[in-house]
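Visitor: Pasting a structure below so you can have a look.
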Amino acid sequence: MPKRRTTAQQRAREMQRAPGSRLIYGQALEAARRVPGPDQARAALQDLAEAGDVSVSWKERVRRHLAASGRDGWPGPAHAAELREDLHRLAGVIVPDHDLPVVPAPFEHFPLVFLHRAAREGREAFVLAAACALAGPLRHLLRYPYGQPPRLDDVVYRSRKAPTTAARRRLTVDTPDGLHFQDVYYPRPWGAYDVAGFYRTDDDRGRLEVARAVLAHALGGAVPASLAACRACQGNGWLSALDDGHEEHVPAYRSGGGPVCICAGCRGTGLRPLPVRDFGDRFGRRLEVAGHRGGVARSDILAWAAGHLPALPDVPAVCGEGLQSGYAAAVVDAVRAAGFTVVGEEPCGLDFDDDGGMGIHFYAGGEAAQRVFERERVLVVWYCDRGWTVTGFGGQRQLLPDQVVPAPQDLAVALLGCASPAEEEPHDERLRLRPRDVDVYSAVLAYLPPAAG
């Protein structure tokens, strides 16, 4: 049997096939040819052990690796496993089991993406490349104590083209050296689940959403102590009424349950008014510049915001009752205008669940329902931020799958154009819910009249 030769070209192909890899072949080949040797790895560890800007607790870990590098058989599988665990702790994530991916999400754009397979197989390239990386892009994170996630100071925001056919961008938080360790989620009220996705940038509204996401993230999001949080509802977007007349409200907390109202101050977003358009004009182009020269440093954003954030006086918590019912009422009006009847319990407005998801439902019936769906009535549901669906015939049909929160008139047209359920299997693959990719709080409220004042 001929001896298998491991060439740079073969290593490059392995790097391309590694889970999470986004390298084209030319980039992978260049990285494969830069694999360091044991002497380089020892030198990198020695430098880190003596560096003044590395946390003391991390220096102790580095010295352990340095001591191991002087023994016979270094680097071996055991050393690779130990360094692998340290890489996860450096990223502030839980170390996964051995049968799960070994490169954490914060290292998705790590230059040598073949670390995933190398760690599993115990190849020395893992230890060598990782040790050198600790002296390079990862060094920025070594300032923080061992096992502690990095804080959001001294970081850079960047916008990358998303791998989709639509004009979408992915917002990331990087170290100044170019290491990506976090995505910028859609701005959400405090206490609601994070919603990540790709931002549309093919229209003005999408570009404003990008600016809003970056500015809100840099200011601390909707956490109550954040510079971006709404003071009336303490960032959670909810209010509880203290009397039946809704004359007095206090912030509502998601674990408390019970009926809630949308905060009129922030329109349910949990964020104070932000100078989003001015921010986009100032930093929009810089976010999209490629390479290490591109991006916007968080320190630059904070310095700019200090002179542009409007004054935020203490205001009483006021319920936006019209905001709760406006979208639901517009949907029902459009459905009725299309020839359907709305039967049973009519929607009272936007319902929030304990996780911050919003939902509306009602029954559509009449001659139009019989003609289109061959049913006396169907249940029309908008729930958990995932768009409108129709149920009632042994399956679930999603309407307007590319629009998570469609305009009311678009929903009515989609209802009229829906195919007969008898013509399709109830579990058709096309009916599966797609991941949401808009900030639904802004999208829904965009259909409502502007807040007074």
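Residues are listed down the side, and each one gets a yes or a no for (1) under 16 Å from residue 130 (Cα atoms); (2) open to solvent by less than 50 Å² (accessible area, probe 1.4 Å); (3) modelled with pLDDT of 85 or more; (4) not in a helix (DSSP H, G or I):
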{"residue": "12", "(1), (2), (3), (4)": "no, yes, no, no"}
{"residue": "31", "(1), (2), (3), (4)": "yes, yes, no, no"}
{"residue": "46", "(1), (2), (3), (4)": "yes, no, yes, no"}
{"residue": "59", "(1), (2), (3), (4)": "yes, yes, yes, no"}
{"residue": "75", "(1), (2), (3), (4)": "yes, yes, no, yes"}
{"residue": "78", "(1), (2), (3), (4)": "yes, no, no, no"}
{"residue": "88", "(1), (2), (3), (4)": "yes, yes, no, no"}
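Visitor: Sticking with this structure for a sec: When you go through 215, 219, 208 one by one, which is the residue that is of a type in the set (A, V, I, L, M, F, W, C), crowded, with 21+ Cβ neighbours inside 10 Å, under 15 Å from residue 285 (Cα atoms) and touching a residue at least 60 places away in the same chain (Cβ under 8 Å)?
Guide: Numbers: 219 fails: under 15 Å from residue 285 (Cα atoms); 208 fails: crowded, with 21+ Cβ neighbours inside 10 Å.
Going through 215, 219, 208 in turn, just one is of a type in the set (A, V, I, L, M, F, W, C), crowded, with 21+ Cβ neighbours inside 10 Å, under 15 Å from residue 285 (Cα atoms) and touching a residue at least 60 places away in the same chain (Cβ under 8 Å): 215.
Visitor: Cβ-Cβ under 7 Å, sequence separation 6+ or interchain: first residue in segment 119-146 and surrounded by fewer than 20 Cβ atoms within 10 Å (Cβ to Cβ) and of a type in the set (Ser, Thr, Tyr), partner assigned to a helix (DSSP H, G or I) and modelled with pLDDT under 80. Which pairs?
Guide: Going by the 7 Å Cβ cut-off, the qualifying pairs are 146/89.
Visitor: If I go through segment 216-242 residue by residue, how many of them are modelled with pLDDT under 90 and not in a loop (DSSP other than H, G, I, E, B)?
Guide: 4
Visitor: If only one of 196, 192 is of a type in the set (A, V, I, L, M), open to solvent by 10 Å² or more (accessible area, probe 1.4 Å), more than 20 Å from residue 301 (Cα to Cα) and touching a helix residue (DSSP H, G or I) at 6+ places or on another chain (Cβ under 9 Å), which one is it? Outline the logic, then answer.
Guide: Working: 196 fails: touching a helix residue (DSSP H, G or I) at 6+ places or on another chain (Cβ under 9 Å).
None of the other options fit; the residue is 192.
Visitor: Go through (1) surrounded by fewer than 22 Cβ atoms within 10 Å (Cβ to Cβ); (2) modelled with pLDDT of 80 or more one by one and return the number of the condition residue 180 breaks.
Guide: Failed condition: (2).
Visitor: Looking only at segment 265-300, which residues are hydroxyl-bearing (Ser, Thr, Tyr) and within 17 Å of residue 229 (Cβ to Cβ)?
Guide: Residue satisfying the conditions is 269 alone.
Visitor: How about segment 179-199: which of its residues are in contact (Cβ under 8 Å) with a residue 40 or more places away in the chain and part of a loop (DSSP other than H, G, I, E, B)?
Guide: 179, 187, 188, 189, 190, 191, 192, 193, 197, 198
Visitor: Quick one: count up the residues across segment 152-178 that are β-branched (Val, Ile, Thr), touching a strand residue (DSSP E or B) at 6+ places or on another chain (Cβ under 9 Å) and not in a strand (DSSP E or B). Steps first, please.
Guide: Of segment 152-178, the ones β-branched (Val, Ile, Thr) are 155-156, 164-165, 172-173, 175.
Subsequent filtering for residues that are touching a strand residue (DSSP E or B) at 6+ places or on another chain (Cβ under 9 Å) retains 155-156, 172-173, 175.
Okay, now just the ones that are also not in a strand (DSSP E or B), so 155, 175.
Residues that pass the stated criteria total 2.
Visitor: Name the one entry in 177, 194, 183 that is acidic (Asp, Glu) and over 21 Å from the mean Cα position of the chain (by Cα). Even if it seems obvious, please write down each step before you answer.
Guide: Values: 194 fails: over 21 Å from the mean Cα position of the chain (by Cα); 183 fails: over 21 Å from the mean Cα position of the chain (by Cα).
Residue meeting the stated conditions: 177.
Visitor: Can you give me the ranges of the helices (runs of 4 or more DSSP H) entirely in segment 276-395 with at least 1 residues that are within 23 Å of residue 172 (Cβ to Cβ) and either touching a Phe, Trp or Tyr at 6+ places or on another chain (Cβ under 9 Å) or modelled with pLDDT of 90 or more (or both)?
Guide: Working: elements: 276-288, 298-306, 321-337, 367-373.
Ranges flagged: 276-288, 298-306.
Visitor: Return the residues of segment 304-317 that are touching a strand residue (DSSP E or B) at 6+ places or on another chain (Cβ under 9 Å) and among the small types (Gly, Ala, Ser); say none if nothing qualifies.
Guide: Scanning segment 304-317 gives a single hit, 317.
Visitor: Next question, about the same structure. Filter segment 136-165 down to the residues that are under 18 Å from the mean Cα position of the chain (by Cα) and at pLDDT below 80, then identify the one that is nearest to residue 204 (Cα to Cα). Explain how you work it out, then say what you get.
Guide: Here is the first cut: in segment 136-165, the residues under 18 Å from the mean Cα position of the chain (by Cα) are 149-152, 155-164.
The next check asks that each one be at pLDDT below 80; those that pass are 149-152, 163-164.
Numbers: 149: 35, 150: 33, 151: 32, 152: 28, 163: 21, 164: 19 Å.
Per the stated criteria, the residue is 164.
Visitor: Go through (1) open to solvent by 30 Å² or more (accessible area, probe 1.4 Å); (2) more than 21 Å from the chain's Cα centre (by Cα) for residue 224 and report which single condition fails.
Guide: (2)
Visitor: Follow-up. Considering only segment 243-256, I want to know if a residue exists there that is modelled with pLDDT under 90, open to solvent by less than 20 Å² (accessible area, probe 1.4 Å) and more than 22 Å from residue 206 (Cβ to Cβ).
Guide: Our first condition is that a residue be modelled with pLDDT under 90; within segment 243-256, this holds for 243-256.
If we keep only those that are open to solvent by less than 20 Å² (accessible area, probe 1.4 Å) as well, we get 249, 252.
Now narrow it down to the ones that are more than 22 Å from residue 206 (Cβ to Cβ): 249, 252.
Yes: segment 243-256 contains one or more residues that are modelled with pLDDT under 90, open to solvent by less than 20 Å² (accessible area, probe 1.4 Å) and more than 22 Å from residue 206 (Cβ to Cβ).
The values are calculated or read from the model by the stated rules, or taken from the named source; none is laboratory data. On a predicted model such as this, the values are computed, not experimentally measured, just so you know. Counting neighbours? That spans all protein chains shown, and the Cβs are built from the backbone with ideal geometry, glycine included. The protein model used for the area step is the full one, side chains on, heavy atoms only, and it has no ligands, DNA or RNA in it. Shrake-Rupley method; radii C 1.70, N 1.55, O 1.52, S 1.80 Å.
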